[in-house]
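The values are calculated or read from the model by the stated rules, or taken from the named source; none is laboratory data. All values derive from a computational prediction rather than experimental measurement. Heads up, the Cβs are rebuilt from the backbone with ideal geometry, glycines too, and the neighbour counts pull from every protein chain shown. Quick note on the areas: whole protein, heavy atoms, side chains included, nothing else; ligands and nucleic acids left out. Shrake-Rupley method; radii C 1.70, N 1.55, O 1.52, S 1.80 Å.
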Amino acid sequence: MKERDPRPYRAHQLFEALYRRRIADMQAATDLPASLRRALDEEFVITDVEIADIFQASDGTRRYLLHLRDGVSVESVWIPEPYADTICLSTQAGCPLACAFCMTARLGLKRNLDAGEIVAQVWLILNDIYGPGAKPERGVNLVLMGMGEPLLNYENVLRAIRLFCDPRGMGISQRRITLSTAGVVPGIRRLAQEPVRPELAVSLSATTNALRDQLMPINRRWSLEELRAACREYPLRRNEWISFEYVMLDGLNDSDEDARRLVRWLCGIRAKVNLIPHNPDPELPFTSSPEARILRFQQILRAAGIPTFIRHPRGREIAAACGQLAARRREDLMGSLASSEPRIRDGATPA
Ligand code: SAH
């Protein structure tokens, strides 16, 4: 913009049009002179991320399959909830981490998303659900829990977060954004220093190095001890907790002893725990702990004073639940999830 019109207010006008009003067509930036609009239109696209398909589950959850400029696919998930809606974003196409229970891991890492591609996910979904520029009526939470490991794409993720939080743009509160990491310890320490930073979630899923090494190979790089030290030193704000995600795997990490070890491990950390029943897939060698086991596990943590919640799966039948993001198309879905009776329809925007 500096080259085109050096006055800062021009750049602000464009910024507001793109991020606050979410114009999809440069011509809609009517506060800019027509000649400038035309010049911008000729030289730039607002976003080159395209919605390739939308899958809607019976509970209203929607999975967006997105195509990037180089033909790579990623996904985002829209999760309507009673008091606020949640958008689950991807930060990488695929993932390099190789967690044994996760379908995204099977893709390997295709590449990092740039900040624009991260922001475009929210931009496209808000425009699809509410229409261009319309304000989400219930507010929106963002969770960086889709494909990829956000702390391995640190610069672009933080850039995207600053764009989400800019009051002249989308104006989303940093406290309504949650970044989830599998345990990139240097990234956690770096995040602690950021003036604008999201809430932190850590995917734990095991309480011994022996098991965590197997389930989440990143543990071989940063052990449970190193992860714990980084969490204990993490400076929490008022009313802030670190959330720990724990995937419940039948007979592997769900014993009473695991629960008690988890209590000891969390000692000295202001922690919340989310227990996630394992989302199965024919390609994954695990099953979820039975409900009674999950309830018992929860009870042990709660008795020790740790707020513990069971995260009920959303959008399982459209492959949108935790760990299911693998850029599956309609054909794939029919084959691979046939046993769970996919219920799919075209994603028409509700009136
Ligand atoms: N890489 C980051 C961001 C992804 S978040 C991280 O690992 O935190 C995705 C969440 O889904 C993680 O908490 C992960 O533990 C969980 N998950 C992965 N596979 C799953 C599965 N099959 N069932 C349930 N949860 C799963």
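Out of (1) open to solvent by 60 Å² or more (accessible area, probe 1.4 Å); (2) of a type in the set (S, T, N, Q); (3) without any contact (Cβ under 8 Å) to a residue 12 or more places away in the chain, what's the single condition that is false for SER255? Answer for SER255: the failing condition is (1).
The test for being hydroxyl-bearing (Ser, Thr, Tyr) and surrounded by 21 or more Cβ atoms within 10 Å (Cβ to Cβ) holds for THR207. Residues in the range 201-220 that are within 11 Å of the ligand (Cβ to nearest atom) and touching a helix residue (DSSP H, G or I) at 6+ places or on another chain (Cβ under 7 Å): VAL202, SER205, ALA206. Among the residues making up the range 5-58, those that are exposed (fewer than 15 other Cβ atoms within 10 Å of the Cβ) and either in a loop (DSSP other than H, G, I, E, B) or polar (S, T, N, Q) (or both) are PRO6, ARG7, ASP25, GLN27, THR30, ASP31, PRO33, SER35, PHE44, VAL45, ASP48, SER58. Here PRO307 fulfils each of the conditions (1) open to solvent by less than 40 Å² (accessible area, probe 1.4 Å); (2) in contact with a Lys or Arg (Cβ under 8 Å, 6 or more places away or on another chain); (3) farther than 22 Å from ALA98 by Cβ apart from (1).
Residue by residue, here is whether (1) part of a strand (DSSP E or B); (2) within 11 Å of the ligand (Cβ to nearest atom); (3) modelled with pLDDT of 95 or more holds:
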| site | (1), (2), (3) |
| --- | --- |
| ARG261 | no, no, yes |
| ILE269 | no, no, yes |
| ALA326 | no, yes, no |
| GLU331 | no, no, no |
| MET334 | no, no, no |
| PRO342 | no, no, no |
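For the structure I just gave you, tell me whether GLU240 is open to solvent by less than 40 Å² (accessible area, probe 1.4 Å), within 23 Å of the chain's Cα centre (by Cα), more than 10 Å from the ligand (Cβ to nearest atom) and closer than 24 Å to LEU152 by Cα. Yes. Scanning the range 272-290 for residues that are open to solvent by 10 Å² or more (accessible area, probe 1.4 Å) and either more than 13 Å from the ligand (Cβ to nearest atom) or not in a loop (DSSP other than H, G, I, E, B) (or both) yields LYS272, ASN274, ILE276, PRO277, SER288, PRO290.
With respect to being touching a residue at least 12 places away in the same chain (Cβ under 8 Å) and open to solvent by less than 10 Å² (accessible area, probe 1.4 Å), VAL263 falls outside the description. Scanning the range 310-324 for residues that are surrounded by fewer than 18 Cβ atoms within 10 Å (Cβ to Cβ) and either more than 15 Å from the ligand (Cβ to nearest atom) or part of a loop (DSSP other than H, G, I, E, B) (or both) yields a count of 2. Comparison of PRO186, PRO195 shows that the only residue that is open to solvent by 20 Å² or more (accessible area, probe 1.4 Å), without any contact (Cβ under 8 Å) to a residue 40 or more places away in the chain and within 16 Å of the ligand (Cβ to nearest atom) is PRO186.
Taking strands (runs of 3 or more DSSP E) as the structural unit, those lying wholly within the range 69-145 and holding at least 1 residues that are open to solvent by 20 Å² or more (accessible area, probe 1.4 Å) and away from the ligand (no atom under 13 Å from the Cβ) correspond to 73-79, 109-112, 140-144. Can you report the number of residues in the range 146-178 which are within 14 Å of the chain's Cα centre (by Cα), away from the ligand (no atom under 11 Å from the Cβ) and charged (D, E, K, R)? Of the residues in the range 146-178, 1 are within 14 Å of the chain's Cα centre (by Cα), away from the ligand (no atom under 11 Å from the Cβ) and charged (D, E, K, R).
Residues that are within 17 Å of ASP332 (Cβ to Cβ) and either hydroxyl-bearing (Ser, Thr, Tyr) or open to solvent by 20 Å² or more (accessible area, probe 1.4 Å) (or both) within the range 59-68 comprise TYR64, HIS67, listed in sequence order.
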